[in-house]
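Worksheet for the structure shown next.
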Amino acid sequence: MKPSLKQQLKQWKLDYQEVKQIAEKSKKKKKPENFSARDLRELMGQNRSTYKRHNGAFRQRERG
């Protein structure tokens, strides 16, 4: 004979709580990423070549 819906719900709730507790224990904390100054400049695009338009053509800008 099948258990009543109420009993099934109680059993499911108990099982779900166990699974939830196991999942919470297995969560890993992410370590913060440590970037060097060079990496940060690269991510921000400071080391890229810059171009300008001159008479309809693109020319690389001089640095400095």
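The values are calculated or read from the model by the stated rules, or taken from the named source; none is laboratory data. It should be emphasised that the depicted structure is a prediction, and the values quoted were computed from it without experimental measurement. Positions of Cβ are backbone-derived with ideal geometry, glycine not excepted, and every protein chain shown enters the neighbour counts.
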Tell me whether region 26-42 contains one or more residues that are at pLDDT 80 or above, hydroxyl-bearing (Ser, Thr, Tyr) and surrounded by 10 or more Cβ atoms within 10 Å (Cβ to Cβ).
no
Kindly check whether there is at least one residue in region 8-24 that is part of a loop (DSSP other than H, G, I, E, B) and without any contact (Cβ under 8 Å) to a residue 60 or more places away in the chain.
no
